[in-house]
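Chemist: Please find one structure pasted underneath; my questions will follow.
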Number of protein chains: 4
Amino acid sequence: MIKTKTFSILGGDPRQAHLANALAAREDGFHIYAMMLYEGIKLNKKIVRVDDVKMILPQSDVVVLPLPLLSNGGEEINAPGSQRKVTLEECLNYIHPEAVVLAGKVPPFAREQAAKRGVEIIDYLEREEFTVLNAVPTAEGAVEIALRELPITLFGATCLITGYGRIAKVLAGLLRSFGAKVIVVARKWSDLAWVNVAGCQPVHLSEMAEHLPAADLVINTVPSMLFEEDKLTLLKRSCLIIDLASKPGGVDFEAAKTLGLKAEWALSLPGKVAPITAGVITLDTIFNILHERGAIP
Amino acid sequence: MIKTKTFSILGGDPRQAHLANALAAREDGFHIYAMMLYEGIKLNKKIVRVDDVKMILPQSDVVVLPLPLLSNGGEEINAPGSQRKVTLEECLNYIHPEAVVLAGKVPPFAREQAAKRGVEIIDYLEREEFTVLNAVPTAEGAVEIALRELPITLFGATCLITGYGRIAKVLAGLLRSFGAKVIVVARKWSDLAWVNVAGCQPVHLSEMAEHLPAADLVINTVPSMLFEEDKLTLLKRSCLIIDLASKPGGVDFEAAKTLGLKAEWALSLPGKVAPITAGVITLDTIFNILHERGAIP
Amino acid sequence: MIKTKTFSILGGDPRQAHLANALAAREDGFHIYAMMLYEGIKLNKKIVRVDDVKMILPQSDVVVLPLPLLSNGGEEINAPGSQRKVTLEECLNYIHPEAVVLAGKVPPFAREQAAKRGVEIIDYLEREEFTVLNAVPTAEGAVEIALRELPITLFGATCLITGYGRIAKVLAGLLRSFGAKVIVVARKWSDLAWVNVAGCQPVHLSEMAEHLPAADLVINTVPSMLFEEDKLTLLKRSCLIIDLASKPGGVDFEAAKTLGLKAEWALSLPGKVAPITAGVITLDTIFNILHERGAIP
Amino acid sequence: MIKTKTFSILGGDPRQAHLANALAAREDGFHIYAMMLYEGIKLNKKIVRVDDVKMILPQSDVVVLPLPLLSNGGEEINAPGSQRKVTLEECLNYIHPEAVVLAGKVPPFAREQAAKRGVEIIDYLEREEFTVLNAVPTAEGAVEIALRELPITLFGATCLITGYGRIAKVLAGLLRSFGAKVIVVARKWSDLAWVNVAGCQPVHLSEMAEHLPAADLVINTVPSMLFEEDKLTLLKRSCLIIDLASKPGGVDFEAAKTLGLKAEWALSLPGKVAPITAGVITLDTIFNILHERGAIP
């Protein structure tokens, strides 16, 4: 185990800069180097900006690379808020073999490329607590959209959620707190039992259609085409649809438009609605990993 | 008691039109006449539009005038979404003496003017249930602003609310449901006891200053200047301020601007964020009044 | 203003002894004398037991007398857990005229008797925050009874509460948290509006009878005979009735028994179900009073 | 698929009799035969009592055997509230090969014995929704114990729960609703993330000891000896311990007794605190199974 105290934080969108600030706000006395962070976000004075990876990577105990790791389709570290470009290869050249290296959405080829150099890139996106904690800003973002778009209060509104994964659980709880009538559509009996226990109305997927006409708000969390035209026509014209499912999504937006339904595909909400919190969540996850590996006490 | 079945609904902003629609959606078989409603809102087919008060008022059992009753400083019925102008005097000429006449924000002179004609104008704004029910869209509107403006989640945020009247009660409950840490500042020990029971942190007004530095969100509901410069300087630069207090408000917005604080004075939220619900709330209140007077069973 | 630091605590049931302990647990360095406290409750070592009022009352800045102040119908300080007897008169002889004197349920004649000696006895039972805070143990006690007596879960049970005062508000919230369907019967439209906002079903008193057949649990909080035989016959035989109303209560228990209904009149729950908390609540209320009077900073 | 409409319900504790009643209360027109049900529970008139398995089993489409299936260590169907004894063998002799046969806690040898006759016994105890739904009466039962035993309110109490499985999740939510401070001790980071999202304080198992001194209530849900003497000595003498873990449990009750700690091992709560609900839960689970098998539409 190396003596962990120097962090390098590279690239990324505003979340990564907020992560650096959150790290600097801790009272641990870490050395923090930053490079290619998103410009326009004021950094804590404890953070030392540098311009060359070889100045910092060799002595870094922890290297925090961005989410996603690489810029679109490329070899370069993703750094949309910086003019500087650096390839993953260049980083790997200087990373200390005992350093803990973290990133999000690491493609297999990048992992292999690193492995060849004896470097393991840990993908924090695969950590369950990361996904759990990110369900909160996602759910809050969905509530924000609903509050903005609906001409009625959530109090008393009929909201239908499809799926009962992490985001749906948090969202159903929030909507219930607003006094909405919440229907959750799922397929598994155990999920439906939980829905019931949570004070929402459980509906088996096979019976979803019957409940669509009453909905004021539909939120899809299932990445599977549940809302094709036949389902959409059952909705009230005033019903708002929010699709939180990652690609390919679950709503036929073309059909919705034709039917005059307002539908919004809301992706990557945490970074959009709460970038500071998103940075903190990433940092917390990284610390869990460091704890597990004994890299910090 | 006259046989109540004909309603006339006049003027008003979108809420009044939605009120008419909500009335038409009831299964009571009322006759509904409308005049000078807000244009652009599609009306239920059961509503008969007319263009002359003398065609409808003499046989109307219930006359629903708008909120506020009169256009700014004038004699005319408030009708911002209509070209037609009608004075209160003209209405009074035709209202049946046994009709139940309702409006919001009725100035004393209008009340007297009506009384001279033997007409009592009931101000539903003075009904406590109206104010209670409107606390919901107001609180939802404040939450919407907070979700939109804050770069952090409400989950985990420190929110300080001043006052513990109707709106503050609903708002404190909502923010708690989001997982915020909610501090409520009040003056009365019984209010502070309720704050405690509601799971929030009670702080006596005399000790508010100590709690300001931790706040991520401040929501004022007290119509008294609680946030002058001396208080505002205690806030973090990233703190968002929402003032829900009616005039004169409780925040020195000039000072806030100078200090670089984001502050929003959010008035009349129900009509803005949930006009349909606001119409329904008015209608429910009107029905309570009609019940009490035996005008409907 | 005298320098407040010596407390005398006299008589009372277990709550008063717990009050003394809670006072001793504070870090304020008060001198605490106790006399005639309920035996069998272990006292904090900082509390000095004495056996004679004249040893402590003359130098006491705060005198805490019990709730109720006097023993049944008598002249003596209520002290059910002590062999020693002392009259109010005897106490008044020694109380310092500038002392703050507190008690609960002070009958008018005792107040006058004290006034003649220039002593004001403050009745903390009249403080609204005292009543608010005591609603919590009362509501918890009612929930305990329901959990113990009902052969079904509160989750999914239909609970009908009459009245919407302090206890009913806390209780309705708790039952909702259990996932019960909560109906609240009240008379005032504003109360019914709050019931609605709280996520419960509001029912006007005039329509209560229609909702009785569905109830699994009825909780009365109104001190007025709402449940006479005609209403009781509408209930299911398995329905549990809890009457929380002070005398004369709101349930005809004889009729209930004849009908085979289980009915419980649960009075003075705080002292029974949570005597320690009840002592703390009294102490908190006393401190509010002392603050207001400038007797402590 | 056979035409499902005749049910036979045999043996069991009060839950089984309530299950039969709940089945009879449905409007499906089933034929319901009962034998060896728990005496003393009044049965719905639609239920036909019989005294001989060969009269009912051959024509039964669904056979509901008890939980546990067999009497202690024996060959006989578990029927603690009946004089009649019947062996599993005898039942198997008459069960129609196409019948759906359900029971709880089916030992492997019984399963094999049935399989030899071509009968599959489905164990509803293995259904996840059954366990989820039973978490509710278990949690309510634990709350009942806490309310009964603690001399303080749950409001404001510090409650420490170990484990974050189904029961702990429901219980943590309930205790939070009471206004308790809830600490949940778990080992997995994702569980701790959920604890956080649920508004409770997450504590890693490795740091549990630090939090024990503050606890007013400890509830163990982990079937592993977490509370040996070294941990128990860290608790306040007034702390209440409730062990909900199935055998071998998680508390050293001998050590607790020696230390003067009140500790209760609460097993099989659903049948004890809410037998009617427990019957309904079993019935609901059985209907899910019948749906899945196409035995009912």
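Since every read-out is calculated from the coordinates, none of them should be taken as a lab result. The model shown is predicted, which means the values in this text are computed figures rather than measured ones. Please note: Cβ atoms are built from the backbone with ideal geometry, for glycine as well, and neighbour counts cover all protein chains shown.
Chemist: Below 12 angstrom from the Cβ of B:PHE7, what's the summed charge of the other residues (Lys, Arg +1; Asp, Glu -1)?
Modeler: Numbers: positive: B:LYS5, B:ARG26, B:LYS46; negative: B:ASP28, B:ASP61.
Counting the neighbours of B:PHE7, the net charge comes to +1.
Chemist: Taking amide H positions as placed in the peptide plane 1.01 Å from N, state which residues far from A:VAL100 in sequence (5 or more) or on other chains have amide H under 5 Å from it.
Modeler: So A:VAL100 has HN proximity to A:VAL62, A:VAL63.
Chemist: Under a point spin-label approximation (7 Å from Cα along Cα-to-Cβ), what is the C:LYS85-A:GLN201 distance to one decimal in nm?
Modeler: Calculated label separation equals 6.7 nm.
Chemist: Shifting gears a bit: Got a sec? Which residues in region A:177-211 would a label at D:GLU292 touch, if it sits 7 Å along Cα→Cβ and we count backbone N under 16 Å?
Modeler: Only A:186-194, A:204-206 fall inside the zone, counting backbone N under 16 Å.
Chemist: Could I ask something else about it? Could you tell me which of rounded, prolate or oblate describes the protein assembly as shown, using a ≥ b ≥ c as the square roots of the eigenvalues of the alpha-carbon gyration tensor, with rounded for a/c under 1.5 and, failing that, prolate when a/b is larger than b/c and oblate otherwise?
Modeler: Values: a/c = 1.10, a/b = 1.03, b/c = 1.07.
Rounded is the answer for the protein assembly as shown, as its axis ratio a/c remains below 1.5.
Chemist: Which whole-number percentage describes the relative contact order of chain B, with Cα contacts under 8 Å and a sequence gap of 6 or more? Present the calculation step by step, with values, prior to reporting the outcome.
Modeler: Numbers: 589 pairs, mean separation 47.2, N = 297.
With pairs under 8 Å counted, the relative contact order is 16 percent.
Chemist: To the nearest 0.05, how large is the calculated FRET efficiency for D:ARG49 and C:GLU229 if R₀ is 30 Å and r is the Cβ-Cβ distance?
Modeler: Numbers: r = 35 Å, r/R0 = 1.16.
Once rounded, the FRET efficiency stands at 0.30.
Chemist: Another question, then. Applying a 10 Å radius around every beta-carbon, put C:242-249, C:41-48, D:146-153, C:182-189 in order of their mean neighbour count, most first. Walk me through the numbers on the way to the answer.
Modeler: Details: C:242-249: 18.6, C:41-48: 14.0, D:146-153: 20.4, C:182-189: 22.1.
Top of the packing list down: C:182-189, D:146-153, C:242-249, C:41-48.
Chemist: To continue, here is another question. In whole Å, what is the distance between the alpha-carbon centres of region B:1-57 and region A:130-175?
Modeler: 35 Å
Chemist: State whether region A:8-130 is rounded, prolate or oblate according to the following rule on the C-alpha gyration tensor (a ≥ b ≥ c being the square roots of its eigenvalues): a/c under 1.5 gives rounded; otherwise a/b larger than b/c gives prolate, and the remaining case gives oblate. If you can, show how the numbers build up before the last one.
Modeler: Values: a/c = 1.38, a/b = 1.32, b/c = 1.05.
Because its axes are fairly even, with a/c under 1.5, region A:8-130 counts as rounded.
Chemist: Under the classification rounded if a/c is under 1.5, otherwise prolate if a/b is larger than b/c and oblate if not, where does region D:134-266 fall, given a ≥ b ≥ c as square roots of the Cα gyration tensor eigenvalues?
Modeler: Working: a/c = 1.34, a/b = 1.19, b/c = 1.13.
Taking the square roots of the gyration eigenvalues as a ≥ b ≥ c, region D:134-266 is rounded.
Chemist: Which value at 222 nm does chain B reach when only helices count, each DSSP H run of 4 or more adding -39,500 (n - 2.57), with the total divided by all residues and rounded to the nearest 500 deg cm²/dmol? It would help to have the intermediate numbers written out before the result.
Modeler: Working: 12 runs with 112 residues, N = 297.
Rounded to the nearest 500, the figure is -11000 deg cm²/dmol.
Chemist: Now for a separate question. State the antiparallel share, in %, of DSSP beta bridges confined to region D:45-142, rounding to the nearest 5.
Modeler: Values: 2 of 8 bridges.
For region D:45-142, the DSSP antiparallel bridge percentage is about 25.
Chemist: Let me ask you something else. Kindly give the distances from D:PRO108 to its copy-mates, label point to label point, with each label point 7 Å from Cα along Cα→Cβ, as nm values to one decimal ordered shortest first.
Modeler: 3.9, 8.2, 9.0
Chemist: Checking the table A:LYS169/D:LYS188; A:LYS169/D:LYS247; B:LYS247/C:LYS169 against a 29 Å threshold on Cα-Cα, which pairs fail? Could the numbers behind the result be given before it?
Modeler: Working: A:LYS169/D:LYS188 19 Å; A:LYS169/D:LYS247 31 Å; B:LYS247/C:LYS169 31 Å.
Beyond 29 Å between Cα atoms: A:LYS169/D:LYS247; B:LYS247/C:LYS169.
Chemist: What does DSSP give for the protein assembly as shown in terms of the percent of beta bridges that are antiparallel, rounded to the nearest 5? Spell out each step's value before the answer.
Modeler: Working: 8 of 164 bridges.
Among the beta bridges of the protein assembly as shown, antiparallel pairing accounts for roughly 5 percent.
Chemist: Going by Cα centres, region C:66-81 and region C:238-274 are how many Å apart?
Modeler: When both Cα centres are located, 26 Å separates them.
Chemist: Take D:GLU98 and D:ARG237, extend 7 Å from each Cα along the Cα→Cβ direction, and tell me the distance between the two endpoints in nm.
Modeler: Those two pseudo-labels are separated by 7.1 nm.
Chemist: Would you mind ranking A:THR233, A:THR282 by Cβ crowding within 10 Å, fewest neighbours first? Spell out each step's value before the answer.
Modeler: On the way: A:THR233 11, A:THR282 28.
By the 10 Å Cβ count, ascending: A:THR233, A:THR282.
Chemist: Now, a different point. By how many degrees, between 0 and 90 and to the nearest 10, does the Cα long axis of helix C:275-292 differ from the longest principal axis of chain C?
Modeler: 60 degrees
Chemist: Any of D:LYS54/D:LYS116; C:LYS262/D:LYS5; A:LYS45/D:LYS181; A:LYS46/B:LYS181 with alpha carbons more than 30 Å apart? Name them for me. Numbers along the way, then the final one.
Modeler: On the way: D:LYS54/D:LYS116 19 Å; C:LYS262/D:LYS5 37 Å; A:LYS45/D:LYS181 37 Å; A:LYS46/B:LYS181 28 Å.
Check vs 30 Å cut-off fails for C:LYS262/D:LYS5; A:LYS45/D:LYS181.
Chemist: So, in nm, how far is label C:GLN113 from label A:ASP28 when the simple model puts each one 7 Å beyond its Cα toward the Cβ?
Modeler: Modelled inter-label distance: 6.8 nm.
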